[in-house]
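**Q** Below you'll find the structure I mean.
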Amino acid sequence: MTYRIVRHGIVAIAIAAFATACSKSPTGPSGSNGGGNTASVTSVTVSGTLSVTEGSTSQLKATASMSNGQTQDVTGQATWRSADTTIATVSGTGLVTTLKPGTTDITAAYQSQTGRGTLQVKTATYRVSVTAQSITVLGTCDDFTQGLTVGEFAIRVLAIAPGGVQRTLSQTREYPGNPDNLYDFQLGEGASATLNDSTTFTLPGESGQFVRVQFNATEWDNQIVIIPPSTRKVHDDNMDDRSTSRTHSFTGSTFSSLGPNTLSLGNSSCGIRLNYSVSASQQ
């Protein structure tokens, strides 16, 4: 009998100790304790780069402040919204994509709180470079009976920006040519001459902005003709100061027709081609 009473006493003590331990369980990951208290969200803050250029992206962050003094990154759990989706949009993870210049509020809502950031979208600025690389003869423009093996060309290449800003990329000494000082290029059919002249414009990335490349050329035949009893110099301007141009305009978020380009004047029997390139980079 004594043995059985002692054994029952040990079991009773163990049960009492377990109950005491359970009543003192630590705070769980949810922030609650044995009394049922939970930390609540008191505010949400939106942070990140809020001043950006059009046509770019910016990753924002949402941070929740808790009633227990702690903070929590809720970027992926928040509900994001842009007040003006024509200026910028925002994804469910806080990634902003800008569309045009302007100002709009970006909000992040989490539980009962909403954070707000004012996004300023600035006009993008571009460096647009034009390089006149070379000219190539398509045809020598020979209409003299003696037969010429070269063309004698005078050229002018212009780059023109909005507002009439005009820069000369390449030009012969006296374009379109003085009969006594006619040309810088004497070239046979298919032959090329290197130019490598460049200019750069700094332009805002707005619709209507452009750079126009204009190519002028003329071809002079200059021969001494001996017809007794006189000798005379004959000049013949076959191409008669021809001109052509192409406009490279800003559309969307880039300039059009970047890379290698050509402008041709005349044809295979009497003509010349300008080889040039256009590049643009956002600043």
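The values are calculated or read from the model by the stated rules, or taken from the named source; none is laboratory data. Not measured: the values here are computed from a predicted model. Counting neighbours? That spans all protein chains shown, and the Cβs are built from the backbone with ideal geometry, glycine included. We work out accessible area using only protein heavy atoms, side chains counted, and drop any ligands, DNA or RNA first. Shrake-Rupley method; radii C 1.70, N 1.55, O 1.52, S 1.80 Å.
**Q** Restricting to segment 126-143, give me the number of residues that are under 31 Å from the mean Cα position of the chain (by Cα) and open to solvent by less than 50 Å² (accessible area, probe 1.4 Å).
**A** Selection size over segment 126-143: 8.
**Q** Among (1) of a type outside the set (Phe, Trp, Tyr); (2) assigned to a strand (DSSP E or B); (3) within 30 Å of Gln186 (Cα to Cα), where does Val96 come up short?
**A** Failing condition for Val96: (3).
**Q** Tell me which of these Val41 doesn't satisfy, since it passes every other one: (1) open to solvent by less than 80 Å² (accessible area, probe 1.4 Å); (2) at pLDDT below 50.
**A** (2)
**Q** Count, please, the residues in segment 45-72 that happen to be within 32 Å of the chain's Cα centre (by Cα) and in a strand (DSSP E or B).
**A** Number satisfying all stated conditions: 12.
**Q** Kindly check whether there is at least one residue in segment 179-202 that is modelled with pLDDT under 95 and assigned to a helix (DSSP H, G or I).
**A** No, segment 179-202 contains no residue that is modelled with pLDDT under 95 and assigned to a helix (DSSP H, G or I).
**Q** Okay, moving on. List every residue pair whose Cβ atoms sit under 6 Å apart, with the two residues 6 or more apart in sequence or on different chains, where the first one lies in segment 260-283 and is among the β-branched types (Val, Ile, Thr) and the second, anywhere, is open to solvent by less than 20 Å² (accessible area, probe 1.4 Å).
**A** Taking only residues 6 or more apart or on different chains, the pairs are Ile272/Ile135; Ile272/Val137; Ile272/Phe153; Ile272/Ala217; Ile272/Leu265; Val278/Val130; Val278/His248.
**Q** Residues Val52, Val74: which one is of a type in the set (Val, Ile, Thr), farther than 30 Å from Thr200 by Cα and crowded, with 16+ Cβ neighbours inside 10 Å?
**A** Within the list Val52, Val74, the selection yields Val74.
**Q** Which residues, counting only those in segment 99-130, are under 30 Å from Ile160 (Cα atoms), in a strand (DSSP E or B) and touching a residue at least 60 places away in the same chain (Cβ under 8 Å)?
**A** Across segment 99-130, the qualifying residues are Val121, Lys122, Thr125, Tyr126, Arg127, Val128, Ser129, Val130.
To keep it simple, each residue is scored yes or no on (1) within 27 Å of the chain's Cα centre (by Cα); (2) farther than 15 Å from Gly55 by Cβ; (3) at pLDDT 95 or above.
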position	(1), (2), (3)
Thr75	no, yes, yes
Arg81	yes, yes, yes
Asp84	yes, yes, yes
Thr89	yes, no, yes
Thr103	yes, yes, yes
Ile106	yes, yes, yes
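**Q** Let me ask something additional. Can you pull out the strands (runs of 3 or more DSSP E) entirely within segment 209-261 that have at least 1 residues that are exposed (fewer than 13 other Cβ atoms within 10 Å of the Cβ) and modelled with pLDDT of 85 or more?
**A** Because the criterion is at least 1 residues that are exposed (fewer than 13 other Cβ atoms within 10 Å of the Cβ) and modelled with pLDDT of 85 or more, the strands (runs of 3 or more DSSP E) in segment 209-261 that meet it are 242-251.
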